[in-house]
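Rule-based calculations on the coordinates, nothing more; no lab input. Since the structure is predicted, the reported quantities are computational estimates derived from the model, not experimental observations. So basically every Cβ, Gly included, is an ideal-geometry build from the backbone, and we count neighbours across all protein chains shown.
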Amino acid sequence: MKKLIALSLVLSASPAFAASGPFFSLRNTDFVVLIAFLIFVGVLLYLKVPGTLMGMLDKRASGIKSELEEARALREEAQSLLASYERKQKEVQEQADRIVAAAKEEATIAAEEAREDLKKSIARRIAAAEGQIASAEASAVKEVRDQAVTIAIQAARDVIAKQMTATEANKLIDEAIGQVDAKLH
């Protein structure tokens, strides 16, 4: 502001821009403009416009400063939140890896158990089949024996019938009844 006043005085004192007549006259436009400018500056100073402008600028500067601090705080909060989410993501990834490893281990254990169960089932079926085979074999042996006994009885009957007399037959019948009676009692 002081520079502006000095500039206006220099310009008004210069001979090229000087009006005709004495400088300190109300007829000199330069002097009137200088007086009006000084009154304007005085009114501005009286109304404390420079202080108000400085206050507004200071207020604006403090508002900008607070906004910058708030933005810095938000940035720091965002960075901490990002770091937190990255840690959580890492933890979740580790947990997922542990779950996958546990699932693989459980699948391996389940496969082993299934193999063991299958072996036991096969062993039971083999044992059951062997039991059926043994039963069928015993049944076949019994059937063959029964058939052999039947044939032997028939052959013995034929031989005895050809060689035996009625007295000998009665004697053999009595002996057989005695043997049966002794075995049953």
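Scan region 164-173 for residues that are assigned to a helix (DSSP H, G or I) and either loosely packed, with under 10 Cβ neighbours inside 10 Å or touching a helix residue (DSSP H, G or I) at 6+ places or on another chain (Cβ under 9 Å) (or both) and report the count. Before you say what the answer is, go through the steps one by one.
First, the residues of region 164-173 that are assigned to a helix (DSSP H, G or I): 166-173.
Adding the requirement that they be either loosely packed, with under 10 Cβ neighbours inside 10 Å or touching a helix residue (DSSP H, G or I) at 6+ places or on another chain (Cβ under 9 Å) (or both) leaves 166-169, 172.
Residues that pass the stated criteria total 5.
Within region 94-117, identify whether any single residue is exposed (fewer than 10 other Cβ atoms within 10 Å of the Cβ), among the basic types (K, R) and in a helix (DSSP H, G or I), and answer yes or no. Checking region 94-117: not a single residue is exposed (fewer than 10 other Cβ atoms within 10 Å of the Cβ), among the basic types (K, R) and in a helix (DSSP H, G or I).
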